[in-house]
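Just below is one structure, and these are the notes that go with it.
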Amino acid sequence: MLWVGTSWKMNHNLPETKKYLNILIKNSKYLSNPKIKFFIIPPFTSLALFNKYKKKLPFIYGAQNMHWEEKGAFTGEVSASMLKSCGCQIVEIGHAERIKYFNENLIHMNKKINLALKYNLIPLVCIGEAKYEKNILKRKKFLNKQIEILLKKIRNRKKQIILAYEPIWAIGGGNKAANIDYCNESIHYIRESALKRLNKVSVLYGGSVNEKNYTKFIESKFIDGIFIGRAALDAKNFIKICKGINKQ
Ligand code: PGA
């Protein structure tokens, strides 16, 4: 199964969400392929609207974060059960920006993964090194450390978990995507390491993926899909990429 999706991060208010959804609905033939799972991760405020249009959407959607406790006095937080009630099927956990700006850590992320699985939400867990690391041994050591904590005592090893390899140095404006050999090396290792702790895993690449460079990631036999940021903020551009992937 190939996974192709995007997180809008903190973009698109309700009227903008509506416009985006209308474009997706008009182009839904490019988003329904039995071999490809498309997904969209909008802000929390758009989720009820996604839920309203759910029957017309051929893709799955989810949230950019959730709390690790089921409910309670956690002002400003959103629970797994709230996400389920908006029709979410997937939840992003531990994006680099959450770690950088909101003090999220690997222990929180591990708790969130377990809770997401309990609620039948697919955890899409972000991992990756902060600096370009040419030395594969050093890179493996770093990635392994992350995986060890993230996947500690996963209660339901058989459920779908997605790891998104997002080297931090490749994410966001002014940065370039990782080159394909570097990316293949890391992803091959991430899969090996994750499979010691899980029965199955999908590993995606994210970080400056766009309409010009996505094909090499899709074609790689090591990579199970792509996770797009800026390049999919424009619905038409997202559709352009999805259309291209359908043809491959
Ligand atoms: P970008 O974001 O494609 O804008 O680099 C990717 C991500 O943060 O997942």
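Quick one: ALA178 ticks every box in (1) of a type outside the set (Asp, Glu); (2) part of a loop (DSSP other than H, G, I, E, B); (3) open to solvent by 50 Å² or more (accessible area, probe 1.4 Å) except a single one, so which number is it?
Of (1) of a type outside the set (Asp, Glu); (2) part of a loop (DSSP other than H, G, I, E, B); (3) open to solvent by 50 Å² or more (accessible area, probe 1.4 Å), only one is false for ALA178: (3).
Name every residue in segment 154-173 that is more than 8 Å from the ligand (Cβ to nearest atom), open to solvent by 20 Å² or more (accessible area, probe 1.4 Å) and assigned to a loop (DSSP other than H, G, I, E, B), in order of residue number.
ARG155, ASN156, ARG157, LYS158, LYS159, GLN160
Given the residues LYS140, LYS176, which is the only one that is among the basic types (Lys, Arg), closer than 19 Å to GLU129 by Cβ and within 16 Å of the ligand (Cβ to nearest atom)?
Exactly one residue qualifies, and that residue is LYS176.
So ASN213 passes all but one of these: (1) buried (at least 19 other Cβ atoms within 10 Å of the Cβ); (2) within 14 Å of the ligand (Cβ to nearest atom). Which condition number does it fail?
(1)
Go through segment 181-223 and report how many residues are in a loop (DSSP other than H, G, I, E, B), touching a Lys or Arg at 6+ places or on another chain (Cβ under 8 Å) and not polar (S, T, N, Q).
Going through segment 181-223 one residue at a time, the tally reaches 6.
For the list (1) of a type outside the set (Gly, Ala, Ser); (2) modelled with pLDDT under 95; (3) surrounded by 15 or more Cβ atoms within 10 Å (Cβ to Cβ), I need the number of the one condition that GLU129 fails.
Among (1) of a type outside the set (Gly, Ala, Ser); (2) modelled with pLDDT under 95; (3) surrounded by 15 or more Cβ atoms within 10 Å (Cβ to Cβ), the lone unmet condition for GLU129 is (2).
The values are calculated or read from the model by the stated rules, or taken from the named source; none is laboratory data. Only a predicted model underlies this, so the values are computations on that prediction, with no experimental measurement involved. Quick reminder, even Gly has a Cβ in these numbers, built from the backbone with ideal geometry, and neighbours come from all protein chains shown. What goes into the accessible areas is simple: the full protein's heavy atoms, side chains included, and nothing from ligands, DNA or RNA. Shrake-Rupley method; radii C 1.70, N 1.55, O 1.52, S 1.80 Å.
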